[in-house]
Amino acid sequence: MLPRAKNRLFSPALNIFFCRTMSFQGLPSCRPPPKELARPLKVQHKILLGPGPSNCPPRVLAACSQPILGHLHPDFVTVMDDIKAGLKYMFQTQSEATFAISGTGHAGMEVALANLLEPRDVALVACNGLWGERAAGVVERNGAVAKCIHKDQGEVFSLEDVEKALQEHHPTVFFMAQGESSTTTLQPIEGFGQLCHRYNCLFVVDAVASLGGVPFFMDAWGVDCVYSGSQKVLSSPPGAAPCSFSALAWKKIESRRTKVTSFYFDAEELGLYWNFGSKADPKARKYHHTAQISAFYGLREGLAMAAEEGLEKLWERHARNAERLWDGIERMGMQMLHTNKVRW
């Protein structure tokens, strides 16, 4: 039997590795261990007041400390199913193509645009801050053509603005950020989905900073793809990006002429892991990658807390806090960059 280091557990993989006959003689000398790692990790509690990450409730942090499971273990598959149910509730959708990506909210942007666009497709992008500009860059990196419409920071787009651009550019996809966190701007999105569909265009929404804080109705508002982040309103650790595709968007994905350039972000491959899509086998999920086990635990618990509070109360609580912030800033003699309040 191999000796076990004090207070250490060898993984099965390492046990197999060390059981092989091998010699360390003749290898170069190792550099000394870094002194920085000799001290214990201590992180003081801080109140986080930016757009994200947000403070995690103790209940979420406790969930993250649950034992690690294999990414295809039946117990972890149950966690995935719980997450899917919670995200369908948060997005207000019946779409089965609803899942969480192993990655931050930015991974959601990559998945949305990489799967819905093919080379030389045109994407119309609403740019009134960083995330519109970033989306335009992702469009170009995927070999598609970005056509941007612009507003000054803090300003929002009207249906008339977008319809004019749809008529001019004939895009495959229209991208809009509901919560433009770089300028604290909330973009109303009701009516844009139906407008896009009249012009044979898919409607993609970035809801990273807004999901759970303001109303969102994927199905009723005709949204074809939405993605978000676990570390914002859901108060979970970074590392999971909620995402959902409509039936119309999924039809576009399954009829692609070219392969998605990224295997990791290929929605059809992810569907085999999350058990959706025409190629999925309900009895045998297919390995795709090692999911963010602990981050998914946290997301699952954050979704549970949101479900327990209820969407209407969750939106109302954030609206009250937004009003308190506005009033406090004004009493201090300061002014918000975004001077037009959007109330729901």
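The values are calculated or read from the model by the stated rules, or taken from the named source; none is laboratory data. For clarity, every value in this text was computed on a predicted model and none was experimentally measured. Don't worry about glycine lacking a Cβ; one is built from the backbone with ideal geometry, like all the others, and counts go over all protein chains shown. Heavy atoms of the whole protein, side chains included, go into the accessibility calculation; ligands, DNA and RNA do not. Shrake-Rupley method; radii C 1.70, N 1.55, O 1.52, S 1.80 Å.
Pairs meeting the criteria (first residue in region 26-52 and touching a residue at least 60 places away in the same chain (Cβ under 8 Å), second residue assigned to a loop (DSSP other than H, G, I, E, B), beta carbons under 6 Å, at least 6 apart or on different chains) are 51/181; 51/209; 52/231; 52/232. Considering (1) more than 25 Å from the chain's Cα centre (by Cα); (2) crowded, with 18+ Cβ neighbours inside 10 Å, the lone condition that residue 186 does not fulfil carries the number (1). So in region 154-175, with the set limited to residues that are closer than 24 Å to residue 212 by Cβ and touching a Leu at 6+ places or on another chain (Cβ under 9 Å), which one is surrounded by the fewest Cβ atoms within 10 Å (Cβ to Cβ)? Only one residue fits best here, namely 154.
Note on region 120-149: residues that are within 20 Å of residue 199 (Cβ to Cβ) and not β-branched (Val, Ile, Thr) amount to 13.
If a residue has to be more than 15 Å from residue 205 (Cα to Cα) and touching a helix residue (DSSP H, G or I) at 6+ places or on another chain (Cβ under 6 Å) to count, how many in region 91-141 make the cut? Break it down stepwise before answering.
Narrowing region 91-141 to residues more than 15 Å from residue 205 (Cα to Cα): 94-97, 99-104, 118-122, 137, 140-141.
Subsequent filtering for residues that are touching a helix residue (DSSP H, G or I) at 6+ places or on another chain (Cβ under 6 Å) retains 97, 99-101, 122.
Summing the residues that are more than 15 Å from residue 205 (Cα to Cα) and touching a helix residue (DSSP H, G or I) at 6+ places or on another chain (Cβ under 6 Å) in region 91-141 gives 5.
Counting the residues of region 88-122 that are in a helix (DSSP H, G or I) and of a type in the set (D, E, K, R) gives 2.
With respect to the conditions (1) open to solvent by 50 Å² or more (accessible area, probe 1.4 Å); (2) assigned to a loop (DSSP other than H, G, I, E, B); (3) not small (Gly, Ala, Ser), residue 140 falls short on a single one, namely (2).
One residue is enough: does region 292-314 have a residue meeting the conditions part of a loop (DSSP other than H, G, I, E, B) and either surrounded by 18 or more Cβ atoms within 10 Å (Cβ to Cβ) or aliphatic (A, V, I, L, M) (or both)?
Going residue by residue through region 292-314, those that are part of a loop (DSSP other than H, G, I, E, B) are 292, 310.
Filter once more, keeping what is either surrounded by 18 or more Cβ atoms within 10 Å (Cβ to Cβ) or aliphatic (A, V, I, L, M) (or both): 292.
Yes, some residue in region 292-314 is part of a loop (DSSP other than H, G, I, E, B) and either surrounded by 18 or more Cβ atoms within 10 Å (Cβ to Cβ) or aliphatic (A, V, I, L, M) (or both).
So for region 217-226 (the condition being on the phi < 0 side of the Ramachandran plot, outside any loop (DSSP other than H, G, I, E, B) and open to solvent by less than 70 Å² (accessible area, probe 1.4 Å)), does at least one residue qualify?
yes
If the condition is being closer than 25 Å to residue 188 by Cβ, among the hydrophobic types (A, V, I, L, M, F, W, C) and surrounded by fewer than 22 Cβ atoms within 10 Å (Cβ to Cβ), then region 98-135 contributes 122, 127, 130. Selection of region 45-75 for residues being surrounded by fewer than 17 Cβ atoms within 10 Å (Cβ to Cβ) and part of a helix (DSSP H, G or I) yields 58, 59, 61, 62, 74, 75.
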